Structure formats: structure tokens, C-alpha cells
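The block underneath contains the structure these notes are about, expressed in C-alpha cells.
We did not get these values from a lab; they are worked out from the coordinates using the rules stated. All figures in this text were calculated on a predicted structure; none of them were measured in a lab. Positions of Cβ are generated from backbone atoms using ideal geometry, with glycine treated the same way; all protein chains shown enter the neighbour counts.
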Amino acid sequence: MSECLPPAPMVPETTFGHTISPSGMVLTTDTPSDNGTHCPSIDDFRNQVYSTAYSIITVFGLVGNGFALFVLLRTFRQRSAFHIYMLNLALSDLFCVSVLPLRVIYYVNKGQWNHGDFLCRISSYTLYVNLYCSVFFMTAMSVTRFLAIVYPVQNLRLVTERKARIVCICIWVFICTTSMPFLMQGQHVDPITNKTKCFEPPERGGNQGLPEHGGNQTLPERSGNQGLSKLMALNYFSLVVGFIIPFLVIMLCYAGITRALLGRTNVSQQKQRATRIKAIRMIIIVTVTFLVSFMPYHIQRTLHLHFMSRRDIKCDELITMQKSVVVTLCLAASNSCFDPLLYFFSGENFRHRLSTFRRPSAAIHSGPRRATPSSILQPLEENDQQACNGPSQVT
């Protein structure tokens, strides 16, 4: 992802929607630098890496999230707060990977966009909406697991399906609203190559945008310093709100979970082991996703913006920075492949749903059993919480 980052308001005239992100500067092939030299193009590298990486992400993302969403919807009657978060996370990932093939085609065609202005805008928009929805939904899931393990009694009151729905609505509204600037930058025709471009804002005098493609660019000029200062301010805001704060919340939750599990002595060894396994799986998957997908992207984007403020940039430094744009953007998009692992391995609940789904006859023809007084009086929310969070709620 290489444009700007939600959540932060953006100013259209500086094309923030396409600049802050992976932090790329607009380059033109064989453009002279400040010292009269020419910076070679990395278009071949960019096209090969993006087309290959996005193809792999599309396949794994569609299969993993599509299957997870199918199972979650078929077992929706067993829903819980954790289930609601997983469902929304899978939807977010599917929205993202569904438009990645358009990016693959774009880079296979060597930067020629043939799908119209609307799809160009949507392709940029969904990529960043997914990035930050993933961050916030993972944070919500981590807090839910923390409350279930550390405060099992209060958890039944604090974590409910209704509250989870409200949280999800707030996340969608917040991310979709702050990502609106991505919809402002559509396709345009490059006056030099006469190609229809997408994901790359047109040059505007000395104030150039930061396209996500990480392609060839001229060295930055002082005329864009004012716009660059605005970009840096927006970058730090989105860095703190969209990455640092969620990451700290998640780490604090996992520290509390670890402490609670290590200090628990009033449950059986078998129950304690099962709870630990589920918690450890979730900790590993979420932490790896943040370290591999989200952290490199945010670090590189910040470094790139500071890099642009320099006046003594050399071509080899510029090329290295641009290649890092390509790599970190691919890593950021790969979060759609990590999320299915969270569904399958973070707890027994999803596997239980899958086993139920694989026995449709038992689910369809168990009407008399569901109609028993005990099943009617049984609190559905409590059962779902136990299924989702495991024996950790048993004290």
C-alpha cells in the first residue's frame, strides 16, 4: 500500500491519498537529478514483484478468507462477540483481494490501466481500508480474549454480541471515512508515455505526489517542502493512531494473558494446557502479522518522507528507497493471507464450527433436540463465549 494512511484527513491538492503511504516519489525514466545525473528506472523490478506478489496474495487470500467466511456464515446461529470480529475481518480481507487482480493486470501491462476511473479509485481505496480494518479488528479480538481470560466473570457482561456489532460499525465508519481521500485520485493520462495511469498521481510542478508504484522518480525539489511538511504531520498522526496505539494495546493484552495463565492454579492441568495453547497461537499469529506486514510498511513510509526532505540524494539511494517501497507494500498487502491462520488456529471454536458444518445432517435434523427446555433456557451468549475463549472462563 503506498498511498496515504488512514486515519487522517487529507488535502486533495497535494494528492495525499497517494503520497503518504508506501512513500513513493514520482519519477520519470532517465530524469536528470540535481547534480545532472540520470536515475535509471525500476519499472521492470516493480512490475515483476507487484504482479507476482499480488497474484500469490489473491489466491491464498480468496481461498483462505472465502472458506472462513463460508463456514462463519453457515454457523452464524452460534455467533458470539469473537465470531462477529472474525466475520468482519474476513469480509475486509475479501474486499481487498477481490480487486488485487486489477492491480496484477495493471503491472503485467507495464503500467497501463484499462478498467476505467471508478475501478481505479476503488482499487486504491479497498487496499487501505483493509489494512487498517485488519489492525483494528485484530485489536478488538485481542482485547476480547484478554477479558475472557483475565476477567472471566466481568467478561460475560462486558463482551456481548451487541457490543461487538457496535464496535465493528464504529471501526468501519472510522476507517472508511478517513480513507476517503483515496477516492479522490482516479486515472489520468501520462503526457510523456501517453499511457493511462492508476495508483500514480500526476506530477504537479515541483509538488509531486508519492505514488504507490515506487517507480522512477526525479529527486525531490525544495518547492514541495511545504506539502512535504503536511505529509509528515499526517504520517505521524496515522502512524500513532493506526499502528502504534493498536500495537501497544495488543502487547499489553498479551502480557496480561500470559501473566494470568502462568499464575492460574485453580483449574485442572488439562484445561490450563488447552487455554494456553489457544492463547499462544493467537499471540504468535497476531504478533507475526504486525511485525511482518504492518511494521515494515509504517517504518519505511516514515523513513521515506524524511528521505525526501534531503537535498543531497544520490541515485543509488533513491533506487534503494524505491525498491523498499515495493517490498513493504507487498508485505502490507499480505496481511490478508495471515488472517485465515487466526481463524483456524487461534482457538477450538472455529474447528468446532467446521466439524459441525461437515455434519449437515446432524445440524439440520436435530430440531427436537434444539426444542428441549434445557436448550431453550441455556444462555447462548455464555456458551458462545466459552466456545470461543475456551476453558479460560472456568475459574
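Once the Cα-Cα distance is subtracted from the 0.36 nm per residue extended length, the Val288 to Arg77 segment shows a gain of 72.8 nm.
Could you put Arg145, Arg301, Arg46, Arg79 in order, starting from the residue whose Cβ has the fewest other Cβ atoms within 10 Å? Could you put the intermediate results ahead of the total?
Details: Arg145 27, Arg301 30, Arg46 24, Arg79 19.
Going from sparsest to densest Cβ surroundings: Arg79, Arg46, Arg145, Arg301.
A simple spin-label model places pseudo-atoms 7 Å from Cα toward Cβ; at Ser229 and Arg311 they are separated by 1.6 nm.
Tally Lys/Arg at +1 and Asp/Glu at -1 over every other residue whose Cβ is under 15 Å from the Cβ of Phe294; what's the total?
Values: positive: Arg301; negative: Asp93, Asp339.
So the surrounding residues net to -1.
Neighbouring Cβ atoms within 10 Å as the yardstick, rank His306, His188 fewest first. Mind showing how you got there, number by number?
On the way: His306 12, His188 16.
Arranged by neighbour count, lowest to highest, His306, His188 become His306, His188.
Cβ-to-Cβ counts within 10 Å put Asp316, Asp93 in ascending order as Asp316, Asp93, the fewest first.
Once the other residues with Cβ under 11 Å from the Cβ of Ile283 are scored (Lys, Arg +1; Asp, Glu -1), what is the net sum? Surrounding charge for Ile283 is +4.
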